[in-house]
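Beneath this line is the structure, given in structure tokens, with notes to follow.
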Amino acid sequence: MEAKANSDGNNKRWSLQGMNALVTGGTKGIGHAIVEELAELGASVYTCARKEEELDACLVDWKTKGLQVSGSICDVSSQPQREKLMETINTIFGGKLDILVNNVGGGIMKETIDYTREDFSYVMALNFDSAYHLSQLGYPMLKASGGGNIIFLSSIASFFGINVGSIYGATKGALNQLAKNLACEWAKENIRVNSVAPGYIRTPMADVLLSKKENLEDIKSRTALGREGEPQEVSGLVAFLCMPASSYITGQTIFVDGGITVNGFLPILS
């Protein structure tokens, strides 16, 4: 009996069974992998996307796989649409939310002097405003769950300086800092907050860069593991950070980058 009790306890530590999750931007890339990972581990997942056809196709596929996933159309860069989304979540999940994954993000890759005010406002709204506001709106439901988790999808651009995309890098750095602040502020409500920073992951967004042979070879040479990553290699970490097994981890930025941020890269050595 004791062995079985211990087994049941371990299963609960490594499970998301019975949890409610919201994943923004879940129809492709890392977001899609996160939706499937959380659902396969037992969570009831709600997601959103801007394109109705893509969302409908994914929902049909997830239903075929037997996964508990539902969703709706939402552009998270819009404040009214964010508010409508969270009203829907509140109704569907009965006022309790265990997991909020702020996955949506994007960038406009220009040199700083070429950015317009409209460019700045759009990237800020998409990457930072959305995550900040959804966390605010989700707070009562996360608190009501008794042990909520917020995950921000950041980027190695929050750590590295790059020669284009200064607004993108700044928003991702802001997410890392937001994770630290909320982790301290909301710990009293047993809400944990962490930031996951992917490196070069094979997604539709990164394919433009990775499709160029010279870019891919350069990335591989600078990455300790010598390859680009896959979305499932990010979603596994996100799932772990939402499990009871990770209950003492909060306020962290964890890089999923194959070692690119720690690689000294001295090609003249043999």
Inset, instruction - For segment 1-143, calculate the relative contact order in percent as a whole number, restricting contacts to Cα pairs under 8 Å that are 6 or more residues apart. - result: 24
Legend entry - Free-standing Cys, the chain [no other Cys Cβ under 4.7 Å]: CYS58, CYS184, CYS242
Legend entry - Gaussian network model of the chain, springs between alpha carbon atoms under 10 Å - residue of LEU38, LEU85, LEU210 with greatest fluctuation: LEU210
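What accessible area per residue, rounded to a whole number of Å², is obtained for the chain using a probe radius of 1.4 Å? Don't skip to the end; give the middle numbers.
Details: 13630 Å² over 270 residues.
Accessible area per residue: 50 Å².
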Inset, instruction - Sticking with the crude label model, points 7 Å out along Cα→Cβ, report the distance from ASN10 to GLN232 in nm, one decimal please. - result: 2.3
Legend entry - Long-range amide H partners of ALA197 with built H, under 5 Å: SER154, ILE254, PHE255, VAL256
Inset, instruction - Before anything else, pin down the relative contact order of the chain: Cα pairs under 8 Å, at least 6 apart, normalised by residue count, whole percent. - result: 19
Inset, instruction - State the number of lysine pairs found in segment 120-270 whose Cα atoms come within less than 21 Å, restricting to pairs 8 or more positions apart or on distinct chains. - result: 5
Inset, instruction - Any chance you could check the Cα centroid distance between segment 108-175 and segment 199-214 for me, in angstrom? - result: 20
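Want the number for SER78 to LEU209: 0.36 nm per residue separation, take away the alpha-carbon distance, what's left?
Working: separation 131, 0.36 × 131 = 47.16 nm, distance 2.80 nm.
That works out to 44.4 nm of additional length.
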Legend entry - Nitroxide proxy distance, nm - points 7 Å out along Cα→Cβ at ALA245 and LYS28: 3.2
Inset, instruction - Calculate how many DSSP beta bridges within the chain are antiparallel, expressed in % of all such bridges and rounded to the nearest 5. - result: 0
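Ignoring any ligand, DNA or RNA, what whole percent of the accessible area of the chain comes from carbon and sulfur when the probe is 1.4 angstrom?
Working: 7270 of 13630 Å².
On the chain, the fraction of accessible area on carbon and sulfur atoms equals 53 percent.
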Inset, instruction - Take the alpha carbon atoms of segment 230-255, find their center, do the same for segment 60-92, and report the distance between the two centers in whole angstrom. - result: 22
Inset, instruction - Specify the angular offset, from 0 to 90 degrees and rounded to the nearest 10, of the alpha carbon long axis of helix 52-64 from the longest principal axis of the alpha carbons in the chain. - result: 50
Legend entry - GNM top mover of SER78, SER211, SER166 - the chain, alpha-carbon springs below 10 Å: SER211
Inset, instruction - Considering only THR88, THR112, THR250, give the residue with the highest GNM mean-square fluctuation for the chain, with springs between Cα atoms whenever their separation is below 10 Å. - result: THR112
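The values are calculated or read from the model by the stated rules, or taken from the named source; none is laboratory data. Everything quoted here is computed from the prediction, not taken from an experiment. We place every Cβ from the backbone using ideal geometry, glycine too, and count neighbours over all the protein chains shown. For accessibility, only protein heavy atoms count, side chains too; no ligands or nucleic acids. Shrake-Rupley method; radii C 1.70, N 1.55, O 1.52, S 1.80 Å.
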